[in-house]
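Worksheet for the structure shown next.
The values are calculated or read from the model by the stated rules, or taken from the named source; none is laboratory data. Quantities reported herein were computed from a predicted structural model and do not represent experimental measurements. Methodologically, a virtual Cβ is constructed for each residue, glycine included, from the backbone with ideal geometry; neighbour enumeration extends over all protein chains shown.
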Amino acid sequence: MAKDKILKMTKKRAFIIGVTGQDGSYMSKFLLEKNYSVFGFTRSLKKNNLKNLKILGVKKKINIKKYKDDNLKVILENIIKYKPREIYFFSGQSSVNLSFKNPLETYESNISILFEILELLRIKKLNKIKVFNSSSTDCFGKSKNLYNHEKNTFSPISPYGRAKSFSFWLVKFYRENYEIHSKNGILSNHESPLRPSSFVLKRIINFAKNHKNNSLNLGNINVYRDWGWAPEFSEAIYKINNNKIPDDYVVGTGKITSLKYIIRKILKLKKIDKKFIKTNTLKSLRPADIKKIGTNPKKIYENLNWKSKINIDQIIKKMLLNELH
């Protein structure tokens, strides 16, 4: 069936900015299962960039469009033309490590497009379009609170955390001053086989699965994070964006685990000697790192009835087995 006919039959349309990443890909599948017509926007149409969509079997089911950071015309014109019911913003440089090396790109990619979209909605009075922004617990940074909730103060220590903090306040400002239906999800670490190999847990998993007496260089492993399962987060994101009262929510498991524990668990399961793990290597250390950070997801459970069900041990096994759901 032609895509134009599909659009006419489907009342609900969703735009996903940054559709090819882990979250964008899972969100595409989630929305398709709810009979949405999904428009996915990406910077590249190269085969390797679209691999996550292909893995999930959704590549041919969505309308994929290419945009450029310095020319957002295709995104803005399509918003005016199709007036989507929902917009999900996952675009932007998302690696904390890379943000120290490329702070300008990190700021621009996480803020500029989002700013343009919110401003378009304000000018065109498209207040009914629901906008979700993917924020991060890195915003809390050096917070004195171990388990952070929505009212805790932001104290980011990385360019990534600062960029996400700016985008958070931008979304909140447009909601409160222009009545735009925009909201933030302050997401904890969430993993899946679709994670890029630059992220630490995926690096460790890849090493364990392909180990041939080689070593893995890591930085500080005495850090604690709230590790969640990415496919579960799609439902949380959907509920946040579709709640009648726009608001911001922390999304996480409510538990923290050390990276050291995760490494030991993976090595034990794969029967690999710990001597092959090199820690505190100079190239792998960050200029600044959050030692412990967790979430208090009480609000999203009480208001939206969402709760994480997959624990870190299950996540590790799923990733080793390359389970997508």
Inset, instruction - For the range 88-96, state whether one or more residues are of a type outside the set (D, E, K, R) and over 15 Å from the mean Cα position of the chain (by Cα). - result: no
Inset, instruction - Would you check if there is a residue in the range 254-272 being closer than 28 Å to residue 181 by Cβ, out of contact with any Cys (no Cβ under 6 Å at 6 or more places or on another chain) and not charged (D, E, K, R)? - result: yes
Inset, instruction - Give the number of residues within the range 144-163 that are surrounded by 19 or more Cβ atoms within 10 Å (Cβ to Cβ) and outside any helix (DSSP H, G or I). - result: 5
Inset, instruction - Among the candidates 263, 245, single out the residue that is under 24 Å from residue 141 (Cα atoms), free of Cβ contacts under 8 Å to residues at least 60 places away in the same chain and either not hydroxyl-bearing (Ser, Thr, Tyr) or not in a strand (DSSP E or B) (or both). - result: 263
Inset, instruction - Looking at (1) out of contact with any Gly (no Cβ under 9 Å at 6 or more places or on another chain); (2) under 29 Å from residue 154 (Cα atoms); (3) of a type in the set (D, E, K, R), find the lone condition where residue 268 falls short. - result: (2)
Inset, instruction - Just one of (1) more than 22 Å from residue 194 (Cα to Cα); (2) in a helix (DSSP H, G or I); (3) modelled with pLDDT of 95 or more trips up residue 5, so point out which. - result: (3)
Inset, instruction - Could you check, for the range 290-303, whether at least one of its residues is more than 19 Å from the chain's Cα centre (by Cα), under 17 Å from residue 202 (Cα atoms) and of a type in the set (S, T, N, Q)? - result: no
Inset, instruction - Name every residue in the range 271-290 that is in a loop (DSSP other than H, G, I, E, B) and within 29 Å of residue 210 (Cα to Cα), in order of residue number. - result: 271, 272, 273, 279, 280, 281, 285, 286, 289
Inset, instruction - Within the range 281-319, count every residue that is closer than 28 Å to residue 99 by Cβ and either at pLDDT 95 or above or among the charged types (D, E, K, R) (or both). - result: 19
Inset, instruction - Could you look through the range 66-96, keep only residues that are in contact with a strand residue (DSSP E or B) (Cβ under 8 Å, 6 or more places away or on another chain) and surrounded by fewer than 17 Cβ atoms within 10 Å (Cβ to Cβ), and pick out the one that is nearest to residue 191 (Cα to Cα)? - result: 66
Legend entry - Every residue from the range 279-299 that is in contact with a Ser or Thr (Cβ under 8 Å, 6 or more places away or on another chain) and either among the polar types (S, T, N, Q) or without any contact (Cβ under 8 Å) to a residue 24 or more places away in the chain (or both): 295
Legend entry - Residues being closer than 21 Å to residue 188 by Cα, buried (at least 17 other Cβ atoms within 10 Å of the Cβ) and of a type in the set (Gly, Ala, Ser) - total across the range 267-312: 2
